[in-house]
Amino acid sequence: MGEVLEINGPIVTIRQSGIRNGDQVKIGRLGLVGEVIHIREKDALVQVYESTESLRPGEQVVGLDYPLSVELGPGLLGQIFDGIQRPLNKIMALSGEHIARGLEVSALDRDRSWHFVADNNLVVGSELRGGQILGTVEETETIQHRILVPPDSHGIVIEHAPEGDYKINETIVRIRTDSGSVEDLKMYHRWPVRMPRPYQSRANSNVPLITGQRILDTFFPFLKGGKAAVPGPFGAGKTMLQQQIARWANADIVLYVGCGERGNEIVDILQSFPELKDPYSGRSLMERTFLVANTSNMPVVAREASIYVGVTMAEYYRDQGYDVVMVADSTSRWAEALREVAGRLGQMPVEEGYPAYLASRLAAFYERAGSVNTLAGNSGSVSLIGAVSPPGGDFSEPVTSHTKEIIRTFWALSKPLADARHYPAISWLESFTAYADRAAEWWSEQVGKQWYVRRQQALSLLAEADELERIVNLVGPEALSSNQRWVLESAGLIKEAVLQQSALDPIDSYCSPQKQFQLLDLMLQFHDGGVELIKLGMPVEPLIELPFGGELRRLKSMVPSDDLKELARYSEKIREAFDGLRVEYSNGQETKS
Amino acid sequence: MSELEFRRVSSIHGALMFLKAVDGIALGDRVVIRDRDNNRRNGQVIRSSKEVVMVQVFEGTDNLDLENTWVRFLDEPFELSLSPGMLGRNFNGIGEPRDDRPPLISNLRRNVNGSPVNPAARAYPREFIQTGISAIDGLNSLVRGQKLPVFSGSGLPHNRLAAQIVRQARLPGDASNFVIVFAAMGVSYSDARFFEQEFESSGVLRNVVMFMNLANDPPMERLLLPRTALTAAEYLAYELDHHVLVVITDMTNYAEALREIATEKGDVPSRKGYPGYLYSDLAEIYERAGRLRDRHGSITMIPILSMPSDDITHPIPDLTGYITEGQIVLSRELNNKSVYPPINVPPSLSRLMKDGIGKDFTREDHPRVASQLYASYTRALESRNLASIIGAEELSERDHHYLEFAERFEADFVRQGEHEERNIIETLNLAWELLSLLPPNTLSRVSEEDLHKYHSWDGSG
Ligand SMILES: Nc1ncnc2c1ncn2[C@@H]1O[C@H](COP(=O)(O)OP(=O)(O)O)[C@@H](O)[C@H]1O
Ligand SMILES: [Mg+2]
């Protein structure tokens, strides 16, 4: 069908006839898989997902006649795939510890049987539309997999299989299509990854995605179906934060995409998740999780593909009516893969070597997030959370700055905070969210009427303290009033007792919304108590010397999310202490006068 | 091996050579070049088409001409011969002996580029290595299979630190020693000699394989050297079951060679002229550290790199930090204060520490103590900064406690002898001694029990 003309890293020029742009090809005696990305006259440029080492000019190329697409059906959950959806465990069985080239492995297990229960509406003679639910199988104990009609199929049911055990290659429904031909539907179908899956309409969700992380949920809340970015220099905590979200988010399905990052971080998940319990279902976390891993030492072109492979699988579970979270670590590596290919194609670089279409590609990717009404009439969502790795930690570089324009929640990680081991090192000054007002409704109904007010109060306290610190650093603490010194104290308390949250603390790793609110409320109660006394004229020193500091800061790791009585007791204790102080102080004042 | 020799060099520039009318040459193949004086050079095919083949020449193209240059394509990639006999030997970047002894002969030969490890085949590294250095063991612990670079600068004692780690590193309660793979690129003769003498005097020379390309050796060979060295390391770890410690110095010289060849090829530059693929290229090297599920051995990697102008945001340390599992950063300021090892604690990090310390590996309080030291030291640096602005007299009592803590932390905890080996318990006890300079209500990262058990506060500091 064609032959290799030139090999330039991952880009191979072929002489071809009749190949379409976007088609998959198999190259040479090794059968390397690639994708046509450019056609000019008789030649085509192919980006190859595997190393092209040892490939020669003159080797044969076979077109596969379909674009890069993924298999969608039961058996995805719990798996780990490479950037083009090959299961890494199967690859290991075939080629050992190192990934061989040219392996052909399908994503879904052909030999496994699933117990299929047909949907009640599935009867001979009924009409089937794309995206409709044919029936269900139990994919894991927590997840009912809804078998969908491929989005582009449509017809009348001629026959269907009864409830029973089937392999995914067996036909379960036969339809007559509009054109009169017969189409066999199976429990899986394929979908091209670069094309967003269709839905009925966009929906407006106001439900926050709870991650159990205070600085996220309380201060910079995020909604189901939203898009967020986590930028930060190396070592600031992007990966830990994304892993925390993958662990604790109140989503139905979590997809972790390791894009050009460390192999050991993937192993960390593979080893720890099966042992961890989903706080909502009580079952192993792995039952709702799956991974795409194209680590930094794996070929760069597959890295570019991995993001689309991931988001297409996420959309597929959304279409079943689930809330899906996809975290991608790191979108910068994806952008770099894009840059590398663009560079080899000789496309004009515009900023730091990136091609002009970087911004539009990023936007198109994040556009695949959202809450939707599915073709089957359910609601589902895809939330996208991408890490960004700016060179030198410089947020003005192209990937960070373009991403910032696109997303609605920006969780900015700061190096000074990470250096002080203030984790999560999320800057309360640089971060933002556009979802706070919408999340407020849920919080005030479900958790506490005062949520919005308390959150605002804490944020302004933190901002004021930052300003005061600048003053102290210019002229020393003596220049501050008692009230200002108290603000500094309270801000310090909030940072340590509320914002800091160690992922490694068995009790504090996950913090329920109730606990989040009560902890914050308690610290602000402490602050307010002091403010009131200072207003009466009391000096700040005795307040600073109050013996609560250590205890309040340790509460988060003492009080478990499912038993908050201790917090109420503390609230009482603080009230008494301030009452005592007030009485003491006004008595003292009286005797003086 | 092909016997065909071509004399079809069509152009030459820098380290690149172009040949015409030699169709069907495989990418990555090894090339042997013979010049007019019959001297041999080594090259590798880095681009291949029907019309023209691009070869990078590791020894450079000086004195080559188009007429009298013969090129032989070996029809195979760069491979390294592997045998237990490589221990105690010294090779160059392409695996040829530098030590006047015969080349290694073995049936076992491996492509030095390796192939990517399947992430599903890895085992998570978690066994604590005691280096005997408090600032590392206590605050940035190293574990077996980790890649933990040293970010240094010219004139800083990174070599002495690396040598001390090599001398002292062991698993507490485990007698087996590391086998060392030492890879040097662009270092001076005296630096290389320093390491050789170190290995000799500590009696480990028989357990070391050296790969060296000194400052006056051909720079392009550095592109291959770490790959060659890691191929040896993988063999020692996964086939001979050794725990291997790989010391690579200086990665900056490697990256510069890469930039040079990239510029000659006309690759699109990203930052500071380095090619966009520097990240992936470095990752191919660093990610070869680790552990595998079904293998006994391990590869622990300590790459050393000097930060150009002490700038940690420079692409080389920056991309390295994005790939490695932490970094040990050296500080010129501490070095000027005669603190050895001058480890700059706040920007240093060990990402794998969290799973390799605590009850099962070191001591139960270790994670909290480390976190507390970090918090207190960065707080103390603020006090020091404030003192420099408004004068120490103006400081509060709390700030005075912190000032003293900062001094003692640097002088007693970070500083230690080049031959001083502190075990982890000594390190942790020392940490508590310092934390006892601070009032208990400032120590919120440790638990109440820790305070009862280890903290002795007499109310004044
Ligand atoms: N929330 C957290 N709790 C505890 N430790 C954290 C937290 N976030 C980050 N860390 C620490 O910081 C290190 C680096 O974090 P990581 O997520 O790997 O950074 P990045 O991905 O930004 O390079 C981790 O290994 C861990 O020790
Ligand atoms: Mg990371």
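The values are calculated or read from the model by the stated rules, or taken from the named source; none is laboratory data. Keep in mind that this is a model prediction, so the values were computed, not measured. Glycine also receives a Cβ, built like all others from the backbone with ideal geometry; neighbour counts cover every protein chain displayed.
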Exercise for review: Would you point out the residue of the range A:323-337, among those that are surrounded by 24 or more Cβ atoms within 10 Å (Cβ to Cβ) and away from ligand 2 (no atom under 16 Å from the Cβ), that is nearest to A:Phe222 (Cα to Cα)?
Suggested key: A:Val325
Check your understanding: Is it true that some residue in the range B:69-87 is among the aliphatic types (A, V, I, L, M), more than 14 Å from chain A (Cβ to nearest Cβ), part of a helix (DSSP H, G or I) and at negative phi?
Key -> yes
**Study point:** Residues of the range A:318-350 satisfying the condition of being within 11 Å of chain B (Cβ to nearest Cβ) and charged (D, E, K, R)
**Key:** A:Arg333, A:Glu336, A:Arg339, A:Glu340, A:Arg344
Study note, to complete from the structure: Filtering the range A:401-425 for residues that are closer than 29 Å to B:Val329 by Cβ and away from ligand 1 (no atom under 13 Å from the Cβ) leaves a count of 5
Check your understanding: In the set A:Ala356, A:Ala387, A:Ala369, A:Ala412, which member is more than 16 Å from ligand 2 (Cβ to nearest atom) and surrounded by 18 or more Cβ atoms within 10 Å (Cβ to Cβ)?
Key -> A:Ala369
Study note, to complete from the structure: Filtering the range A:83-98 down to residues that are aliphatic (A, V, I, L, M) and farther than 15 Å from A:Asn294 by Cβ yields A:Met92, A:Ala93, A:Leu94
Review point. Hey, does the range A:455-477 have a residue that's in the same structural domain as A:Gly580 (by TED's automatic domain parsing) and in a loop (DSSP other than H, G, I, E, B)?
Key: yes
**Study point:** Wholly within the range A:478-593, helices (runs of 4 or more DSSP H) carrying at least 1 residues that are under 34 Å from the mean Cα position of the chain (by Cα)
**Key:** A:482-494, A:513-535, A:549-558, A:565-592
Point to revise | Any hit, the range B:40-49, residues being over 20 Å from B:Arg7 (Cβ atoms), in a loop (DSSP other than H, G, I, E, B) and either modelled with pLDDT of 95 or more or within 14 Å of another protein chain (Cβ to nearest Cβ) (or both) | key: no
Point to revise | Residue list for the range A:355-411, restricted to those being away from chain B (no Cβ under 14 Å) and assigned to a loop (DSSP other than H, G, I, E, B) | key: A:Tyr357, A:Glu367, A:Arg368, A:Ala369, A:Thr374, A:Leu375, A:Ala376, A:Gly377, A:Asn378, A:Ile407, A:Arg408, A:Trp411
Practice item. Looking only at the range A:276-293, decide whether some residue is modelled with pLDDT of 95 or more and within 10 Å of chain B (Cβ to nearest Cβ). Key: yes
Exercise for review: Go through (1) more than 16 Å from ligand 2 (Cβ to nearest atom); (2) touching a Lys or Arg at 6+ places or on another chain (Cβ under 7 Å) and name the single condition A:His189 misses.
Suggested key: (2)
Review point. Of the residues that make up the range B:181-196, is at least one out of contact with any Cys (no Cβ under 9 Å at 6 or more places or on another chain), of a type in the set (Val, Ile, Thr) and at pLDDT 95 or above?
Key: yes
Exercise for review: Scan the range A:578-593 for residues that are surrounded by 15 or more Cβ atoms within 10 Å (Cβ to Cβ) and at pLDDT 90 or above and report the count.
Suggested key: 1
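Conditions tested, residue by residue: (1) in the same structural domain as B:Tyr238 (by TED's automatic domain parsing); (2) buried (at least 22 other Cβ atoms within 10 Å of the Cβ); (3) closer than 25 Å to B:Gly266 by Cα.
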{"residue": "B:Val31", "(1), (2), (3)": "no, yes, yes"}
{"residue": "B:Asp35", "(1), (2), (3)": "no, no, no"}
{"residue": "B:Arg40", "(1), (2), (3)": "no, no, no"}
{"residue": "B:Val45", "(1), (2), (3)": "no, yes, yes"}
{"residue": "B:Val55", "(1), (2), (3)": "no, yes, yes"}
{"residue": "B:Phe58", "(1), (2), (3)": "no, yes, yes"}
{"residue": "B:Val71", "(1), (2), (3)": "no, yes, yes"}
{"residue": "B:Leu87", "(1), (2), (3)": "yes, no, no"}
Check your understanding: Does A:Arg438 qualify as being away from ligand 1 (no atom under 16 Å from the Cβ) and without any contact (Cβ under 8 Å) to a residue 12 or more places away in the chain?
Key -> no
Review point. If you go through the range A:366-378 one residue at a time, do you hit one that is within 16 Å of ligand 1 (Cβ to nearest atom), in the same structural domain as A:Glu351 (by TED's automatic domain parsing) and aromatic (Phe, Trp, Tyr)?
Key: no
Exercise for review: State yes or no: is B:Gly290 within 9 Å of chain A (Cβ to nearest Cβ), over 19 Å from A:Arg262 (Cβ atoms) and crowded, with 24+ Cβ neighbours inside 10 Å?
Suggested key: no
Check your understanding: A:Val257: within 13 Å of chain B (Cβ to nearest Cβ) and without any contact (Cβ under 8 Å) to a residue 12 or more places away in the chain, yes or no?
Key -> no
Review point. Would you say B:Val329 is of a type in the set (Val, Ile, Thr) and either away from ligand 1 (no atom under 16 Å from the Cβ) or in a loop (DSSP other than H, G, I, E, B) (or both)?
Key: no
Review point. Taking the range A:464-483 only, how many residues are farther than 18 Å from A:Ala497 by Cβ and either more than 14 Å from chain B (Cβ to nearest Cβ) or in contact (Cβ under 8 Å) with a residue 40 or more places away in the chain (or both)?
Key: 4
Exercise for review: Output yes when any residue across the range A:51-68 is basic (Lys, Arg), at pLDDT below 95 and either assigned by TED's automatic domain parsing to the domain that holds A:Gly2 or part of a strand (DSSP E or B) (or both), and no when none is.
Suggested key: no
Point to revise | Filter result for A:Arg283 (crowded, with 24+ Cβ neighbours inside 10 Å, touching a strand residue (DSSP E or B) at 6+ places or on another chain (Cβ under 8 Å) and at negative phi) | key: no
Revision key, fill the gap. Those residues of the range B:103-113 which are touching a residue at least 12 places away in the same chain (Cβ under 8 Å) and more than 7 Å from every other protein chain (Cβ to nearest Cβ) amount to B:Pro103, B:Leu104, B:Ile105, B:Ser106, B:Leu108, B:Arg109, B:Arg110, B:Asn111, B:Val112
Review point. Taking A:Gly232, is it more than 8 Å from chain B (Cβ to nearest Cβ), more than 14 Å from ligand 1 (Cβ to nearest atom) and either over 10 Å from the mean Cα position of the chain (by Cα) or in contact (Cβ under 8 Å) with a residue 24 or more places away in the chain (or both)?
Key: no
Exercise for review: Within the range B:250-268, identify whether any single residue is within 9 Å of chain A (Cβ to nearest Cβ), of a type outside the set (A, V, I, L, M), part of a loop (DSSP other than H, G, I, E, B) and on the phi < 0 side of the Ramachandran plot, and answer yes or no.
Suggested key: yes
